[in-house]
Amino acid sequence: MLVRAGLVAHTLIASAALACSGEGPPGSSKVAPDPAPAQAKVEAKTKVEAEAEARPAMSGQTSARATELGTRFRDAKGKPSCDVEALAELRELRERFGPASPLREVLLAAFSACDERVALAQLHAETLPATPSAQQRLELGAAWLRASRYEDAAEILVPLAGELGPTTKAAWLAGFSLVHAGRPGEALPWLEGARAHAGGEQGSDGALLVGLAKLDTGDLDGAIATLEAGVAASPTNRSLLAALARAYASAGRGDDAARVSEQARAAFEHAAKSERQMTRLAALSSSLSEAWDAGRYAEVEQFIDAMWADAPPELREQLLSARVALYERTDRPADAAAARDALAQLRGQ
Amino acid sequence: MTTVTSPCATPLAAASIAALTLACKPEPPAPEQAPPRSLFDEAEAPSEPTNPAEPATAPQAPSSGRALQFSDVTKAWGVDLRHHAGRNPDRWIPEIMNGGVALIDVNRDGALDLFLADGGQLAGSAEPGVGPRLLLGDGHGAFTDVSEAWGLRHQGYGMGVSAGDIDGDGWIDLYLTSFDAQDRLLRNDAGQGFVDVSAAWGVDPRGWSTSAAFLDADSDGDLDLYVVRYIRYTLADSIKCWFRTIHVYCTPAMYEALPDLLYRNEGGRFTDVSAEAGIDAHPAKGLALATGDLDDDGDTDLYVANDTSRNLLLVNDGRGRFEEAGVASGVAFSQLGREEASMGVAVSDSNADGRWDLAVTNFQSEPTSLYTRRDNGSYRERSDAAGIGASARARLSFGIEWIDVDNDGDEDLLTANGHIADNVESYREQVRFAQQNSLYERVADGRFVDVSDAAGDALAYRGVSRGLAVGDIDGDGGLDYVVVDNDGPVQIARNTTADRGHFISLWLEGSSTNRGAIGARVSVSVGGQTLVREVRGASSYLSVSDRRIHLGLGEATRVEEVTIRWPGGEQQQLGPLDADTHYRVVEGSAAQAYVPGAEVLQP
């Protein structure tokens, strides 16, 4: 959703990608060097290679076509963009020729652009070398996680974490997949180990996952302590508040549960209100754009005024920005200055 | 329904009108923002599956020896019913939501009748619809359409149906929910027809009602009425939404929630007690509800499934005042604490631990949540651990019911599926508008296996299913089901599972308690396990399943003792009872065998 920030899965899985590329934030753990002997990798025949032997090879023309189709998954600004028709044609090529390069790379980009997460994970799995590197295994595990295939993710990530130790991203993601797969007891050592090593890098996500795992294993005191610490650091985090309320209720602390439940409800309602505003704004933007393009500035101003009355703070900042632009466009410098001042004030400048 | 919201988030941050407006023009969003999450927002959800036509996990062989089977007998049984949604080029949200159905016995002949809550016509729609339909069943699969004779006529845009005996005369009455029109309360005139008593009973909610339930909220022996409501939405101020250049259904996230309503039965009149009952303090975008004594304290609680907002667990204090405990109990959100787009709900003891669990259908890419209740009253979401999650994410589910297909004593799970966007295939290559319904067989240790692909031609069908109701339509001891496709056909699925176990069926009638025995609990010990069932005032989505208690007995040919806890707490023991028999049990009296459809059993 629009205003739901910090989704655990996205954050964690994105961080896995960073770890794989060695671009993690300062202090973050990195995937350990590939434990597989280099010679073995060289000698190993990949599944793709084996499959390729049984299929016709792509002609130069077909390869060129695949590459050409691949360009359709970027928009004019270079951002990923899904082209359903191109994706369908790529799938046909894959049926005929298998997922060998260069089709594999094009398909990966296409699946990513089209948010076809299961297909993406399946392609990673099918094209995994016989002796994959740690990074390749981590990418595959993260892909299964993004596809919500938690058992598949755990199958890859748990052994990998065992090889690399609890200080890696693999351990964190292994724990994440195990929590989702309903195996919180197995998840906890990985989560806690990774969290301790990262020095709280996972922030509220870390507190939430560890707290939930403790809650589901019956460690109520541990869950409460973890979640309380998380809430102290992120007092408006809805998921943490909801989990803490549940932990209090489970521990028989009814008054605390009621109090925190109310905080959680308020946080969710605030978010819902924000979302309502933002989604309406998004939907109405087409009309607004038309008015702006046509120079119907009074209509634009009316729209902003209408939104302003009920707007949450984060939307007000955007609306003030819009006012500045509107007043500048309509040659109202005094109003623009006032709006700019209000914007600065809102931002605490 | 689909929405296009995220692309405009960035423009807002761009600090200028130009950016705000221009960037919100149809243009490709970033991939993370792209999924038009539909009615119900998928932006943060995991992806839709690669191949929605197939389960995300390969079907496994069930552990029981019986292959669960359903045959599509709609034509064979002479049923030719079609739901009308009146779809409009403007893509109004109500038109992809409705399709309620009921399996009830309106004429007390012991045979199930079929009621369809038709949609009809939104302003400017091409299809007028035909109004609600009532087909009387003969107990053997033949139906007669008596809609006109029973006084049913098109009136308002229908959503769903609820059923209960509001005046205790022994004849089941109906409550019809609707969009942008007055809901209707129809009193059953001794099996001769329905009479609209909405005004006389003081029932006049307007806006958008979805599901409803009759329950004895204040434990006074008569049935009260809970009405679930959705969003504040009118055709006049509806908004057009776009995903790139594709016109899509808007998300409900952009509309305010309507609070639900609770009406207390004052004897011939309902009084709105929503405020004093604590109901109106929790407005949410409601679509479905289930009733049950969820905390095992002798009264009837409620669980309300809400779309893109937290779900509600309303715990009854026994006097009709409800405390919302969903957040603290762990059933308001997903496992990680986020709202889901919940559609339907059903209650069962899914892991045979003696506590009621909740199964909640959600949007595509979200699991059908399975909340299992624990000793301390909290719940744990375990859809993935139970084997449901991955398969359910591959479909968009609405109706849901527990159903012991093979009469082995445990309840399997059935969901009615279908996307909300008829043009979803133009922006999601692998997602289909018409989808296969899902059957999950319970195997062992509270685990389930998706057996949809191997369960017969009824489940091979791909449709846009919404309402789902379960009952033994042909009286052969196997639970059948009926699903309604939104703006499509009604399908009747006959249970053709070979070598089903034995069964007993109990039609309970209260005397000192509500006549329909809603809230009564039945316990039977058989084959080393204790089976517990409850007469529920509501479950599924917009629909009503047969209220008779159906117990699969496996190999047992006799039940030594049946214990009934009537609403209010009175206990009654029955037995021994022979298997494979339908019994009517009036509170305080012995069980009376009957043959469905053979004769009218007078109140």
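The values are calculated or read from the model by the stated rules, or taken from the named source; none is laboratory data. Everything quoted here is computed from the prediction, not taken from an experiment. Note: ideal-geometry Cβ built from the backbone for every residue, glycine included; neighbour counts use all protein chains shown. Note: accessible area is taken over every heavy atom of the protein model, side chains too, but ligands, DNA and RNA are not part of it. Shrake-Rupley method; radii C 1.70, N 1.55, O 1.52, S 1.80 Å.
Here are the numbers:
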| quantity | calculated |
| --- | --- |
| Residue in the stretch A:221-238 that is in a helix (DSSP H, G or I), open to solvent by less than 10 Å² (accessible area, probe 1.4 Å) and facing chain B (nearest Cβ under 9 Å) present | no |
| Complete set of residues in the stretch B:84-99 that are at pLDDT below 95 and closer than 21 Å to residue B:461 by Cβ | B:84, B:85, B:87 |
| Residue A:265 more than 18 Å from residue A:215 (Cα to Cα), within 7 Å of chain B (Cβ to nearest Cβ), crowded, with 20+ Cβ neighbours inside 10 Å and basic (Lys, Arg) | yes |
| Scan of the stretch B:282-323 for residues that are open to solvent by less than 10 Å² (accessible area, probe 1.4 Å) and of a type in the set (D, E, K, R), ordered by number | B:293, B:301, B:307 |
| Of all residues making up the stretch B:232-247, the number that are in a strand (DSSP E or B), at the interface with chain A (Cβ under 10 Å from one of its Cβ atoms) and open to solvent by less than 30 Å² (accessible area, probe 1.4 Å) | 1 |
| Any hit, the stretch B:417-428, residues being touching a Cys at 6+ places or on another chain (Cβ under 9 Å) and crowded, with 24+ Cβ neighbours inside 10 Å | yes |
| Residue match in the stretch B:487-501 (condition: touching a helix residue (DSSP H, G or I) at 6+ places or on another chain (Cβ under 6 Å), touching a residue at least 12 places away in the same chain (Cβ under 8 Å) and crowded, with 23+ Cβ neighbours inside 10 Å) | yes |
| Some residue of the stretch B:339-358 being at the interface with chain A (Cβ under 9 Å from one of its Cβ atoms) and buried (at least 24 other Cβ atoms within 10 Å of the Cβ) | yes |
| Of residues in the stretch A:130-149 being open to solvent by less than 10 Å² (accessible area, probe 1.4 Å) and assigned to a loop (DSSP other than H, G, I, E, B), the one nearest to residue A:73 (Cα to Cα) | A:147 |
| Check on residue B:380, within 11 Å of another protein chain (Cβ to nearest Cβ), open to solvent by 10 Å² or more (accessible area, probe 1.4 Å) and within 20 Å of the chain's Cα centre (by Cα) | no |
| Filtered residue count, the stretch B:465-485, keeping only those that are within 24 Å of residue B:82 (Cβ to Cβ) and surrounded by 24 or more Cβ atoms within 10 Å (Cβ to Cβ) | 13 |
| Single condition residue B:342 does not satisfy, out of (1) touching a Phe, Trp or Tyr at 6+ places or on another chain (Cβ under 6 Å); (2) on the phi < 0 side of the Ramachandran plot | (1) |
| Filter result for residue A:259 (more than 8 Å from every other protein chain (Cβ to nearest Cβ) and either open to solvent by less than 20 Å² (accessible area, probe 1.4 Å) or part of a helix (DSSP H, G or I) (or both)) | yes |
| Residue that is nearest to the other protein chains (Cβ to nearest Cβ), among those in the stretch B:326-338 that are under 26 Å from residue B:275 (Cβ atoms) and in contact (Cβ under 8 Å) with a residue 24 or more places away in the chain | B:328 |
| Failed criterion for residue A:115 (all others in (1) touching a residue at least 12 places away in the same chain (Cβ under 8 Å); (2) within 12 Å of chain B (Cβ to nearest Cβ); (3) assigned to a helix (DSSP H, G or I) hold) | (3) |
| In the stretch B:269-292, residue farthest from residue B:312 (Cα to Cα) [restricted to those that are assigned to a strand (DSSP E or B) and small (Gly, Ala, Ser)] | B:292 |
| Residue within the stretch B:363-374 that is within 13 Å of another protein chain (Cβ to nearest Cβ), of a type in the set (A, V, I, L, M), under 22 Å from residue A:181 (Cβ atoms) and open to solvent by less than 10 Å² (accessible area, probe 1.4 Å) present | yes |
| Qualifying positions in the stretch A:155-181 - surrounded by fewer than 24 Cβ atoms within 10 Å (Cβ to Cβ) and not in a helix (DSSP H, G or I) | A:165, A:166, A:167, A:181 |
| Search result, residues across the stretch A:72-129 that are at pLDDT 85 or above, of a type in the set (A, V, I, L, M) and open to solvent by 40 Å² or more (accessible area, probe 1.4 Å) | A:109 |
| The lone exception for residue A:272 - which of (1) facing chain B (nearest Cβ under 8 Å); (2) more than 30 Å from residue B:325 (Cα to Cα) it fails | (2) |
| Of the criteria (1) without any contact (Cβ under 8 Å) to a residue 60 or more places away in the chain; (2) within 13 Å of chain A (Cβ to nearest Cβ); (3) not β-branched (Val, Ile, Thr), which one residue B:275 fails | (2) |
| Unmet criterion (only one of (1) part of a loop (DSSP other than H, G, I, E, B); (2) under 22 Å from the mean Cα position of the chain (by Cα); (3) away from chain A (no Cβ under 14 Å)) for residue B:259 | (3) |
| Subset of the stretch B:282-319 that is within 11 Å of chain A (Cβ to nearest Cβ) and of a type in the set (Lys, Arg) - its residue that is farthest from residue B:332 (Cα to Cα) | B:285 |
| Subset tally (residues that are under 29 Å from the mean Cα position of the chain (by Cα) and assigned to a strand (DSSP E or B)) for the stretch B:558-570 | 4 |
| Odd one out for residue B:447 among (1) open to solvent by less than 10 Å² (accessible area, probe 1.4 Å); (2) within 14 Å of chain A (Cβ to nearest Cβ) | (1) |
